[in-house]
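**Q** After the structure tokens below, expect a handful of questions from me.
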Amino acid sequence: MERNTTQQLTPATVDFDKPGKQIGAFHVPFSAHDDAWGVVPVPVAVISNGKGPTVILEGGNHGDEYEGPITLGELIRDLDPASVSGRLIFIPAINQPAVMAAQRVSPIDGINMNRTFPGDPLGTTTRQIAAFVNDVLFPMGDVFIDLHSGGSSLDIIPSAVIEPGKSPEQHEANVAAATAFGAPIAVVIDNRGDPRTATASAALAGLTVIGTEMAGGGTVSIDALALCRRGVRNVLAHLGVVPRHFATPVEKPPALFELTSRAHVIVEDDGVFEPIHRLGTEVRAGELAGRIHFITQPGRKPVDLHYRADGIVYGRRQPGRVRPGNCCLVVATPYESKKP
Ligand code: CA
């Protein structure tokens, strides 16, 4: 097979066609002042055995979200290739420079990896990494699992995320995978139709796609990590890549929600955000959502914030300090309400 530009520029130290377990990296060229022919080594692992689907598992798309990368590292170390039917390709710290810096975006080029797909093999580092995933990995894949958490700025109800399918069949497969994950809720998130996310790019490439949101705040949540560990194994068993006994029985299907165009509560003032409700609280559009306080101007009355959608409080900003344009709250609306 003729190698495309991305493969030539970003060689991998693993052979994706070889059976067994390999742990290595793909090398993104990074010619710095102190390292003329250096690279950014992005960790990658392959566990392959016999016939079955190829599943690509991604963590660290944002560098301050940890439940996914921890779960993938454990699977890389623990899974015996003999128990795999198909191929697992792990990229547990995909935005390696952001993960090393514990930042959402890359310290090299300031780019949010999840707004730069399909990437560019001749672009800056984050775009080159995205191009490797899009141009080299996605064509090998049948399923893409993208493990996110809320990151430093948000706390989100641990949940499976449903990427809207490009066809009814793909949508059904995405919902089935999210259901198999076994979280209490699953949320359809289209990021306002933005095609530059990893999951949107994978869906365009025809893969079955499942995502997560796992708490956040830049910490490791005990409960979200336990859910993530179970959920990823549940999805792999659902796909038939690992045996059924790897899965934890799920008592009931998730409640389905979606983020509508009115989900987000955006601040217009420079101040300190006071939330009113805990995550999971049922709220209505127009209801008081929070207040912005002006703590250096004690005589100034706080500004009220209001929800813009009916549903549950799905995500909440973590830092109290806010500036105009910050997202303070996210409301997830029951998905059933829109079904015919
Ligand atoms: Ca994220």
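**Q** Quickly run through segment 116-130 and pick out the residues that are among the polar types (S, T, N, Q), part of a loop (DSSP other than H, G, I, E, B) and within 16 Å of the ligand (Cβ to nearest atom).
**A** THR116, the sole residue that qualifies.
**Q** Hey, can you tell me all the residues within segment 99-115 that are over 14 Å from the mean Cα position of the chain (by Cα) and either within 13 Å of the ligand (Cβ to nearest atom) or in contact (Cβ under 8 Å) with a residue 40 or more places away in the chain (or both)?
**A** ALA102, GLN103, SER106, ILE108
**Q** Here is a follow-up. Tell me, which strands (runs of 3 or more DSSP E) wholly within segment 14-83 include 2 or more residues that are more than 22 Å from the chain's Cα centre (by Cα)?
**A** 20-29, 39-49
**Q** Please indicate, with yes or no, whether at least one residue in segment 181-194 is outside any strand (DSSP E or B), within 16 Å of the ligand (Cβ to nearest atom) and either closer than 17 Å to VAL232 by Cβ or modelled with pLDDT of 95 or more (or both).
**A** yes
**Q** OK, next. Give me the residue from segment 206-246 that is surrounded by fewer than 19 Cβ atoms within 10 Å (Cβ to Cβ) and aliphatic (A, V, I, L, M) and, out of that set, nearest to SER83 (Cα to Cα).
**A** ALA237
**Q** Looking at this structure, is GLY141 within 14 Å of the ligand (Cβ to nearest atom), farther than 21 Å from VAL39 by Cβ and crowded, with 17+ Cβ neighbours inside 10 Å?
**A** no
**Q** Only one of these is of a type in the set (A, V, I, L, M, F, W, C) and not in a helix (DSSP H, G or I): VAL133, VAL209, VAL175. Name it.
**A** Just one listed residue meets the conditions, VAL209.
**Q** A follow-up question, please. Among the residues of segment 7-19, is any at positive phi and assigned by TED's automatic domain parsing to the domain that holds ASN112? Don't jump to the end; show me each part of the working.
**A** Of all residues in segment 7-19, those at positive phi come to none.
Among the residues of segment 7-19, not one is at positive phi and assigned by TED's automatic domain parsing to the domain that holds ASN112, which makes the answer no.
**Q** I've got another one for you. Take the conditions within 24 Å of the chain's Cα centre (by Cα) and hydrophobic (A, V, I, L, M, F, W, C) and apply them to LEU207. Does it pass?
**A** yes
**Q** Scan ASN49, ASN95 and give me the residue that is under 17 Å from PHE30 (Cα atoms) and either touching a residue at least 12 places away in the same chain (Cβ under 8 Å) or away from the ligand (no atom under 16 Å from the Cβ) (or both).
**A** None of the other options fit; the residue is ASN95.
**Q** Considering only residues that are polar (S, T, N, Q) and touching a Gly at 6+ places or on another chain (Cβ under 9 Å), which ones fall in segment 22-75?
**A** Those that are polar (S, T, N, Q) and touching a Gly at 6+ places or on another chain (Cβ under 9 Å): SER31, SER48, ASN49, THR54, ASN61, THR71.
**Q** Quick check: anything in segment 260-274 among the polar types (S, T, N, Q), part of a helix (DSSP H, G or I) and either in contact (Cβ under 8 Å) with a residue 60 or more places away in the chain or under 25 Å from LEU147 (Cβ atoms) (or both)?
**A** No.
**Q** Moving to a separate point now. Taking PRO253 as meeting all but one of (1) assigned to a loop (DSSP other than H, G, I, E, B); (2) over 30 Å from GLY73 (Cβ atoms), write down the number of the exception.
**A** Of the numbered conditions (1) assigned to a loop (DSSP other than H, G, I, E, B); (2) over 30 Å from GLY73 (Cβ atoms), the odd one out for PRO253 is (2).
**Q** Of (1) assigned to a loop (DSSP other than H, G, I, E, B); (2) surrounded by fewer than 20 Cβ atoms within 10 Å (Cβ to Cβ), MET100 satisfies all except one. Which?
**A** (1)
**Q** Next up: Which one of these is within 23 Å of LEU225 (Cα to Cα), of a type in the set (A, V, I, L, M), in contact with a Pro (Cβ under 6 Å, 6 or more places away or on another chain) and assigned by TED's automatic domain parsing to the domain that holds PHE246: ALA183, ALA160? It would help to see each step written out before you state the result.
**A** Details: ALA160 fails: in contact with a Pro (Cβ under 6 Å, 6 or more places away or on another chain).
From the options ALA183, ALA160, the qualifying one is ALA183.
**Q** If the Cβ limit is 8 Å and pairs must be 6+ apart or interchain, which residue in segment 67-84 that is at pLDDT 95 or above pairs with which residue that is surrounded by fewer than 14 Cβ atoms within 10 Å (Cβ to Cβ) and in a loop (DSSP other than H, G, I, E, B)?
**A** Taking only residues 6 or more apart or on different chains, the pairs are SER83/PRO243; VAL84/GLY50.
The values are calculated or read from the model by the stated rules, or taken from the named source; none is laboratory data. Quick caveat: nothing in here was measured; it's all calculated off a predicted structure. No Cβ is skipped: glycine too gets one built from the backbone with ideal geometry, and neighbour counts run over all protein chains shown.
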